[in-house]
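The values are calculated or read from the model by the stated rules, or taken from the named source; none is laboratory data. These figures come from a predicted structure and were not determined experimentally. Cβ: placed from backbone, ideal geometry, glycine included. Neighbour counts: every protein chain shown. Heads up: the accessible areas ignore ligands, DNA and RNA and are worked out on the full protein's heavy atoms, side chains in. Shrake-Rupley method; radii C 1.70, N 1.55, O 1.52, S 1.80 Å.
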Amino acid sequence: MMDEKLKEYAALLVRVGLNVQKGQRLVISSPVECAWFARMCAEEAYAIGCKEVVMNWHDDAMARIKYLHADEEIFDEVALWRRHFFNDYALEGAAYLAISASDPENFKGVDSGRIVRAQQASGKALKDFDRLQMCGGFPWCIASIPIPSWAKTVFPGAGEDEAMEKLWDAIFAAVRISGDGKAVEKWESHLATLHERMEKLNALNFKSLRYTNSLGTDLTVELPEGHIWEAGNDVTLSGQAYIANIPTEEIFTSPLKTGVNGVVYSAMPLVNDGTIIDKFRFVVKDGKIVEARAEKGEEALRAAISVDEGASFFGEVALVPYDSPISNQKILFYNTLFDENAACHIAFGEAYPCLKGGQQMSKEELKARGLNDSITHVDFMVGTPDLSIVGTTHDGREIPVFVNGNFAPGI
């Protein structure tokens, strides 16, 4: 049964998540520990006519060693070959699969200043890749498989083999794979549900959303004129359908950069740059985070929102029902791909071009329309069982969007 599930998973990512076309290149970014699954995905891609599969390997252990011991100037540089690797394949329109699996505390004890400098250097060097990824210039998909260090963090009381088995089961449930060969059919039905809700939200055309819960969150988020909600799958500028995240449970849009005010509390720990950040809150004024506090990982949190000017503003608000296939597993995944799809979340940093015609707009046009610009984009979870979200329309009507953590009736 495991072999059937793995084959179905690889096929789902390549054929549906990326919708790889005959004659198209596929770039796979993978930890070395996941090489065997990357090879399965490559075989699947070649079976449907992929032109070439190109690998981008990385390794937690080597990354940690580098950040601890490399010369200081290394973190301000990006090798020319890396610039060409990412930018050139993006400009070509190659499909991009990222296998996301890492030790949640791989960079514990690492100088956060080095991480920030490396991000800044990468942001400058890989501008074409980042721009095209955000505006649909190529199909991309992020997915995960277990590795021991991650599995042991999720299931600390289990032995390594048991933890790996449990995490596999949790991932298969999250991506709707049961071994019956019906994953594609299940995803089609799921995407249809997301799109039905998306259309309802677009029809309401809210001016703002107000978030409140018992943690202390009281945040008002103004939405830009002409904003649109998006969900599940997307389409590239060339017309190729893809699903950026597998799993995905969210419906999302972009806030007005200067239109966010109040206080927001995290509902779950955030794993960012190999560090766990927990029990944190932001105070926000005119869109900018003016205060950041965390019980765990505060230094890493402050570093994350200081990568550039836009890192302290918001770029996404996403709606995810508390009663969802991932949330109902009652597992803290310590992996944003899964945790963000278990709860409503907000992202600080770069905004998706969630405007009518936004994919065709330049950076300058998007900024002029009120969207945030940054080299970072970090999702953090704010959804709770008692989360209330009330939308205000342009004519002043107040309409419940979320009641007790789930979509209000009629949405």
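Data overview
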item	result
Pairs with Cβ under 9 Å, 6+ apart, first in the range 93-112 and farther than 14 Å from A61 by Cβ and of a type in the set (S, T, Y), second in a loop (DSSP other than H, G, I, E, B) and open to solvent by 20 Å² or more (accessible area, probe 1.4 Å)	S112/D273
Hey, I331 of a type in the set (V, I, T), open to solvent by less than 50 Å² (accessible area, probe 1.4 Å) and in a strand (DSSP E or B) or not	no
Checking A173 against (1) in a helix (DSSP H, G or I); (2) within 16 Å of L13 (Cα to Cα); (3) modelled with pLDDT under 95, the condition it does not meet	(3)
Within the range 16-123, helices (runs of 4 or more DSSP H) holding 2 or more residues that are under 19 Å from Y242 (Cα atoms)	35-47, 80-92
Residue list for the range 219-254, filter: in contact with a Gly (Cβ under 7 Å, 6 or more places away or on another chain), among the polar types (S, T, N, Q) and either in a loop (DSSP other than H, G, I, E, B) or under 30 Å from I171 (Cβ atoms) (or both)	T236, S238, T248, S254
Only one of I277, I243, I305, I251 that is over 20 Å from G383 (Cα atoms), buried (at least 23 other Cβ atoms within 10 Å of the Cβ) and modelled with pLDDT of 95 or more	I243
In the range 358-411, the residues that are of a type in the set (G, A, S) and free of Cβ contacts under 8 Å to residues at least 60 places away in the same chain	S362, A368, G396, A408
Qualifying positions in the range 132-186 - within 28 Å of S238 (Cβ to Cβ), surrounded by 16 or more Cβ atoms within 10 Å (Cβ to Cβ) and among the charged types (D, E, K, R)	R176
Checking L319 against (1) under 19 Å from W187 (Cα atoms); (2) surrounded by fewer than 22 Cβ atoms within 10 Å (Cβ to Cβ), the condition it does not meet	(2)
Condition met for I48 (touching a helix residue (DSSP H, G or I) at 6+ places or on another chain (Cβ under 8 Å), of a type outside the set (D, E, K, R), without any contact (Cβ under 8 Å) to a residue 40 or more places away in the chain and over 25 Å from P139 (Cβ atoms))	no
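Condition check ((1) among the charged types (D, E, K, R); (2) under 17 Å from I28 (Cβ atoms); (3) in contact with a Phe, Trp or Tyr (Cβ under 7 Å, 6 or more places away or on another chain)) across all residues:
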site: K51; (1), (2), (3): yes, yes, no
site: M62; (1), (2), (3): no, no, no
site: L80; (1), (2), (3): no, no, no
site: G93; (1), (2), (3): no, yes, yes
